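Below is one structure; the comments refer to it alone.
The values are calculated or read from the model by the stated rules, or taken from the named source; none is laboratory data. Source: prediction; values computed, not measured. Here Cβ is always computed from backbone atoms with ideal geometry, including for glycine, and neighbour counts include all displayed protein chains.
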Amino acid sequence: MAVPPRWANLNIDLVTEIMNRVPCAIDRTRMAAVCQAWLAAVARAERLTFQLPSLLFPPADANDVYCYLSGCREHNMLAGPRYFGSYDDGWFFVAYGHTCGHRLLNIRTGDSHALPDILVDHVAHEIHSMVILAAAISCPPEFAPCAAGIVSYQPELDAPRRRHLAFWRQGDEVAVCNVLPGAPVGPGWEPEDVVYYRRNFLFLTQGGHILVCNPLYENDDSGNILLVPWKLMPFPEWSFFRDCMWEYPGSAVVRACYLVESRASLDMVVRLAAHHHAPTSSFKVFYMDPIDIIEPGDDDEEADEYLRTWNWFGENAWGGRMLFVGRGCSKSYEVREYPGLKDGIFFLDDRSFYDAEMMFGRVNERQYPCSDIGRWSPPEGPLPSHVELYFPERVPSYNSPPAWLLH
């Protein structure tokens, strides 16, 4: 009987063709480590132009990565800080001290940048500690100094914990909240999500409004201070919630809302459940559109496009896309670029975002839910929309909620 050839003796053209049929970047990296011949084959393989996010899954002591392109196969590869967001090309927002030690980390290159644990309010002349819940950055940090829009807690305030918005510039040791004029506060105004869109940070509030913030740097006697003018994109309050209740009468609880840039516009994805403790039951996608433009002033200047009244309208023709939703890092992909896959919405278990005390407990007291993770499929022919939960029996994590790894 002939002895099978060693892996290194396989024809390099054959190995290259195999590599071309492997869509997962992590699988390709591990194949390249087999031998020099396979490493050469990876270099010759077709470039992975369109790579879907992978799911970062945090057990109690380590983190696993699950890749949709490799059939949700497990890649055990990361240690376990708290993850609170991600950015393209392998960047993660992490907190090594759970409520402190915030960093922006690239798991591919090992490059990292310190994020602040301190928030300065130059207007009120106050300094607070800060715990970051979600963040979005303006550009890759390796190419140019980036800025970040941040959703945070200020844990030492003698009041119920509320989510605040803050801003940071790469290289600064503190974040600031110098929003001028002062951003509205109170019920309905806590930030739900943040996205960097058309050179502005957009914060989605609980009431469905959007705060458009454009960080600026100005000089004064003490040096550079970040000022953040903002404008309001007002939406008729709770209108999209009423639409959800009307279309999904059995799913009366809005679990979460996300902003996602898709097809050169901005959409809001609303996540629904039967009640607060039930798993995700459905989704609805909205697009924004102006419904009332303010008249020009006496000087005949044109009305500012952000001084309009806006509304969220249900999007009935959003198909042909795969949406991956997560705070600060939602992504949209065209199905036609991924043969064999279908449109739908992929979601994480982020219920801990609303638990103001979760991250401040002891290790054995923290219980980050990890079971409400899956895919929602829209109606297809006679088939109704439905949710497939991937890990319904998954136990909670002590160290982090799940996160997306963006390639």
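Taking the criterion of being within 30 Å of Tyr83 (Cβ to Cβ) and either modelled with pLDDT of 75 or more or surrounded by fewer than 20 Cβ atoms within 10 Å (Cβ to Cβ) (or both), would at least one residue in region 304-312 satisfy it? Yes, the conditions are met somewhere in region 304-312. Residues that are under 19 Å from the mean Cα position of the chain (by Cα), assigned to a loop (DSSP other than H, G, I, E, B) and not acidic (Asp, Glu) within region 357-407 comprise Pro369, Cys370, Ser371, Ile373, Asn399, Ser400, Pro401, Pro402, Leu406, His407, listed in sequence order.
Listed by position, the strands (runs of 3 or more DSSP E) inside region 104-181 whose residues that are in contact (Cβ under 8 Å) with a residue 40 or more places away in the chain and closer than 26 Å to Leu259 by Cα number at least 3 are 131-137, 147-153, 164-169. For region 82-95, a residue qualifies if it is modelled with pLDDT of 90 or more and either surrounded by fewer than 16 Cβ atoms within 10 Å (Cβ to Cβ) or of a type in the set (Phe, Trp, Tyr) (or both), and the qualifying residues are Tyr83, Phe84, Tyr87, Asp88, Trp91, Phe92, Phe93.
Can you name every residue in region 88-135 that is hydroxyl-bearing (Ser, Thr, Tyr) and in contact with a strand residue (DSSP E or B) (Cβ under 6 Å, 6 or more places away or on another chain)? Reasoning before the result, please.
Going through region 88-135, the residues hydroxyl-bearing (Ser, Thr, Tyr) turn out to be 96, 99, 109, 112, 129.
Hits for region 88-135 are Thr99, Ser112.
Across region 261-273, the number of residues qualifying as surrounded by 16 or more Cβ atoms within 10 Å (Cβ to Cβ) and free of Cβ contacts under 8 Å to residues at least 40 places away in the same chain comes to 3.
Applying a threshold of 6 Å to beta carbon distances and a minimum spacing of six or more residues, or different chains, the list of pairs starting in region 186-200 at a residue that is of a type in the set (Lys, Arg) and ending at one that is assigned to a loop (DSSP other than H, G, I, E, B) and surrounded by 21 or more Cβ atoms within 10 Å (Cβ to Cβ) is empty.
Out of all the residues in region 384-393, is one or more within 22 Å of Val94 (Cβ to Cβ), touching a Pro at 6+ places or on another chain (Cβ under 6 Å) and either at pLDDT 95 or above or assigned by TED's automatic domain parsing to the domain that holds Gly90 (or both)? For region 384-393, residues within 22 Å of Val94 (Cβ to Cβ), touching a Pro at 6+ places or on another chain (Cβ under 6 Å) and either at pLDDT 95 or above or assigned by TED's automatic domain parsing to the domain that holds Gly90 (or both): absent.
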